[in-house]
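What follows is a short report on a single structure.
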Amino acid sequence: MIAAPKNATRQSFRGCLLGGAIGDALGAPVEFMSRARIRERYGEQGIERFDLAYGREGAITDDTQMTMFTAEGLLQAMSRRRSGIDEAPEVVVHRAYLRWLRTQHFTGALASSGSETSGWLIHVPALHASRAPGTTCLTALSSGLIGKPGQPFNHSKGCGGVMRIAPCALVKEWDPYELGCKVAAITHGHHSGYLAAGALAVIIRTVLEGHGVAKGVSAALVRLVPEPGGAECIEALRKVTGLWKEDGADADVEQLGQGWVAEEALAIGVYAAMVGEAELRKGLTTAVNHSGDSDSTGAIAGNILGAIHGEEALSRVALGDVELRDEVIRLADDLVDAWTDQPGWVERYCEI
């Protein structure tokens, strides 16, 4: 039995998932803007609170949608395990992703033999909104194939694998690094596409254990260094460390890229989380005010910072009301209950 990390509380679990949703929603209005355009619209400081996206303030994107389905899939995998069915978690998560694909109005035949309408998320009307879903995720999930680390069916390293992976750090049954890699590799076959996800899961688990983000980076590098194909992620994280040592909280995040690919999204999110350890709001705004994939980098930074600071601190930042807050918190609470062996959640995640 794995002991709960000392900071693995209801506050931190809620913070991790809620922080990701908040960072996602903060970045959503500026996702496709250059930094010059962001400053033209919001001023030199950039966007600092929720603005209109997809017809409302605080709207989440596909990043949070898929994170929620990742959590549901993992809870179902744990429920099955407690019922004596020891199925690979990534297989159960894949079925959850097929449900997400249905919410995106996919009407074709799916390879899965069932469970495509199980779970409660598919019955949440707001999750049936299309929020700029990633082409790789849509194509991979509609293919009928399941990618595995080292056995890819594509070579994508877009950030669609890493941005959804935070729940892999919030379960005790499986190693977070291996689980993160396997879950991301379902859709993203390039080494960097799934290794970045494993690294993020390690970083989140490390901060839940009471360590700083820098320690999390070191722990992730330990796992990445022996990996074939790990060079890009290693270089990206080492660049973050160097940038932090040289410029502290005032570096230009665009030196790390734009976040459209996995290792760059990880790097920007991790740097912003370093900034946000001391100043939560600044960390969140640093993550999104750049010319790139602002919602994904915001989500990654928010997952880490939420795990550090917790739900109450996120609420005090007062960026506005984030969409599907109650549903995100419910998933976080069920993950806490699963970790601490509380009653009730197992039945809620039985696949039917």
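Computed from the coordinates by the stated procedures, all read-outs in this text should not be read as laboratory data. Being a predicted model, the structure only gives us computed values, none of them experimental. Reconstructed Cβ throughout: ideal geometry from the backbone, glycine too, with neighbour counts over all protein chains shown.
Backbone amide hydrogens, once placed in the peptide plane, bring residue 51 within less than 5 Å of 58, excluding anything fewer than 5 places away on its chain. Here residue 239 is the anchor, and the lysines within straight C-alpha reach of less than 19 Å, apart from those fewer than 8 places off in the same chain, are 157, 215.
If neighbour count is taken as other Cβ atoms inside 10 Å, put 250, 334, 63 in order from fewest to most. Provide the component values of the computation, followed by the final result.
Working: 250 8, 334 23, 63 35.
Placing the least packed residue first, the sequence is 250, 334, 63.
Counting other Cβ atoms within 10 Å as a rough exposure proxy, the listed residues 105, 309 run 105, 309 from fewest neighbours to most. Less than 5 angstrom separates the built amide H of residue 148 from those of 153, all sequence-distant by 5 or more or on a different chain.
For the stretch 170-180, backbone phi angles converted through the Karplus equation (6.51, -1.76, 1.60; θ = phi - 60°) give residue-by-residue couplings of 10, 10, 9, 6, 10, 4, x, 5, 5, 5, x Hz, Gly and Pro being listed as x. Computed from phi, the 3J(HN,Hα) profile of the stretch 139-148 under the Karplus parametrisation 6.51, -1.76, 1.60 (θ = phi - 60°) reads 5, 5, 6, 7, 7, x, 10, 10, x, 9 Hz, with x in place of Gly and Pro. Computed over every Cα-Cα pair of the stretch 29-180 and binned at 10 Å starting from 0, the pair-distance distribution P(r) comes out as 10, 35, 33, 16, 6, 1 percent. A Förster radius of 22 Å combined with the Cβ-Cβ distance from residue 347 to residue 102 puts the calculated FRET efficiency at roughly 0.40. Fewest-first ordering of 186, 234 by other beta carbons within 10 Å of each residue's beta carbon gives 234, 186. For the stretch 49-78, backbone nitrogen atoms closer than 16 Å to the point 7 Å from residue 321 Cα along Cα-to-C-beta are found at 50-53, 55-60.
Please give me the summed charge of the neighbours of residue 192: other residues whose Cβ is under 12 Å from its Cβ, Lys and Arg +1, Asp and Glu -1. Local net charge: -4. Under the rule a/c < 1.5 gives rounded, and otherwise a/b versus b/c splits prolate from oblate, where does the stretch 5-108 land using the Cα gyration tensor? Since a/c reaches 1.5 but b/c is at least a/b, the shape of the stretch 5-108 is classed as oblate. How much net charge surrounds residue 21 when only the other residues with a Cβ under 9 Å from the Cβ of residue 21 are counted, with Lys and Arg +1 and Asp and Glu -1? Its environment carries a net charge of -2. Helix-only arithmetic for the chain: the sum of -39500 (n - 2.57) across DSSP H runs with n ≥ 4, divided by the residue total, places the mean residue ellipticity at 222 nm at -17500 deg cm²/dmol. Charged neighbours of residue 60, selected by a Cβ distance under 9 Å, balance to -4 (K, R count +1; D, E count -1). In this calculation the C-beta distance from residue 222 to residue 255 is compared with R0 = 30 Å, giving a FRET efficiency of 0.75.
So what is the diffusion coefficient of the chain in µm² per second by Stokes-Einstein at 25 °C and 0.890 mPa s, using a Kirkwood Rh over Cα pairs?
Numbers: Rh = 19.4 Å.
Rounded to a whole number, D works out at 126 µm²/s.
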